[in-house]
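Worksheet: the structure to be examined is printed underneath.
The values are calculated or read from the model by the stated rules, or taken from the named source; none is laboratory data. What you are looking at is a predicted structure, and each value in this text was computed from that prediction instead of being measured. Here the Cβ is made from the backbone with ideal geometry for all residues, glycine too, and neighbour counts use every protein chain on show.
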Amino acid sequence: MRIIKLMAMSALVLGAVIGCAKKDEEDIQSLLERSWFVGEASVQTADDSTSTPQTFAGPAPALDTIGFVRWVRHIERPVEWNFNITVNGDTAEAVITGHFQGTPPGYGLFVLNDTFAPIYIRTISDSIVRKVRLYRDDIGWHILALTVADMFTAGTGHPVTITSVRAEVPSRSYVFEVTGADQYFTKDQLPRFYPSDTVVVTVACSVLDDSSWTFLHHGAGHRPGVGLPRHWREPFYRENTTTFTRTWIIASDSVLATPAVRHSAVDVLGWQTLWGDSTATYYSRAWGLPYIVAGSGDTLPGDEE
């Protein structure tokens, strides 16, 4: 009888532990889905939600640095996300994965690279991975640190590699650099810009058996009381075959109130993807990361602000 009672108590304890773990996982997933740092807003830099190639925003680079090309990425919605969450007491780790699909004729990468040619459509098949570390206090779960959102074409014969992204504000000797997709950043380590900052962004990248071009996305994100604005897409200047630079003026993001969480991405596309004909395939890689626009006296935004 005593053995039966012990087994029953063990089953109750085990059930309670499993129930608590499941509740923790549900709470964490809910937070990650709502958060402006890692939620759906962070994907806006990868999807233009249109099939009409747009002209570049702002002043374009000199004509001798990039040939004529206009493109937009239109992915199928909704995106199905997978959350692999491991809870260890008051800490947790989450691996968020998803897949961006764009199947012609309605979806894909729409490219106009010749004023006398039609718009070419490339099929999109991109994977996305982001890792997040969390902690729990008396209030609940919070984001501790996160990696870039690493977006890459699945199964391509021309894999694209990003080696580093460096953002520098020379006027105040501020430098932010990411050198790997598994590099974690706490919220106070994320790029933090003043509304008056001018930022020099440098990207090191390469493509197997091809050249490439790099584009800067910024602006999509959150400011209090306002929904998602349209993000900007701007081609970099090419310094050499593997290095690109671009000056980014934070005031162009039109942040009306600070602090604000915004989203940026560097997007590297293969040369044939941009300038090939109807037979060309799509391959790219992008690193997406939230940034904060704030004054010197502003406190960091909360996980869901």
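Summary table below
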item	result
Those residues of region 75-92 which are closer than 27 Å to Ile124 by Cβ, surrounded by 11 or more Cβ atoms within 10 Å (Cβ to Cβ) and of a type outside the set (Val, Ile, Thr), in sequence order	Glu76, Arg77, Trp81, Phe83, Asn84
Total residues in region 93-114, condition polar (S, T, N, Q), outside any strand (DSSP E or B) and surrounded by 15 or more Cβ atoms within 10 Å (Cβ to Cβ)	1
Members of region 142-162 that are free of Cβ contacts under 8 Å to residues at least 60 places away in the same chain and among the β-branched types (Val, Ile, Thr)	Thr147
Matching residues in region 248-305 - criterion: being among the β-branched types (Val, Ile, Thr), more than 19 Å from Thr198 (Cα to Cα) and either buried (at least 18 other Cβ atoms within 10 Å of the Cβ) or in contact with an Asp or Glu (Cβ under 6 Å, 6 or more places away or on another chain) (or both)	Val268, Thr273
Residue check for Leu144: in a strand (DSSP E or B) and more than 23 Å from Val266 (Cβ to Cβ)	yes
Any hit, region 184-199, residues being closer than 20 Å to Ala46 by Cα and touching a His at 6+ places or on another chain (Cβ under 6 Å)	no
All positions within region 26-51 that are in a helix (DSSP H, G or I) and under 15 Å from Ala265 (Cα atoms)	Glu40, Ala41, Ser42, Val43, Gln44, Thr45, Ala46
Residue count, region 261-305 (criterion: closer than 19 Å to Glu234 by Cβ and touching a residue at least 60 places away in the same chain (Cβ under 8 Å))	21
Members of region 147-187 that are surrounded by 15 or more Cβ atoms within 10 Å (Cβ to Cβ), of a type in the set (D, E, K, R) and part of a strand (DSSP E or B)	Asp150, Arg166, Glu168
Selection status of His217, at pLDDT below 95 and on the phi < 0 side of the Ramachandran plot	yes
Region 266-278, residues that are over 19 Å from the mean Cα position of the chain (by Cα) and outside any loop (DSSP other than H, G, I, E, B)	Trp271, Gln272, Thr273, Leu274, Trp275
Residue within region 74-88 that is closer than 21 Å to Ser264 by Cβ, in contact (Cβ under 8 Å) with a residue 12 or more places away in the chain, in a loop (DSSP other than H, G, I, E, B) and under 16 Å from the mean Cα position of the chain (by Cα) present	yes
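Residue-by-condition table, conditions (1) touching a strand residue (DSSP E or B) at 6+ places or on another chain (Cβ under 8 Å); (2) modelled with pLDDT under 90; (3) within 30 Å of His142 (Cβ to Cβ); (4) part of a strand (DSSP E or B):
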site: Trp248; (1), (2), (3), (4): yes, no, yes, yes
site: Val261; (1), (2), (3), (4): yes, yes, yes, yes
site: Ser264; (1), (2), (3), (4): yes, no, yes, yes
site: Ala280; (1), (2), (3), (4): yes, no, no, no
site: Pro290; (1), (2), (3), (4): yes, no, yes, yes
site: Gly295; (1), (2), (3), (4): no, yes, yes, no
site: Thr299; (1), (2), (3), (4): no, yes, yes, no
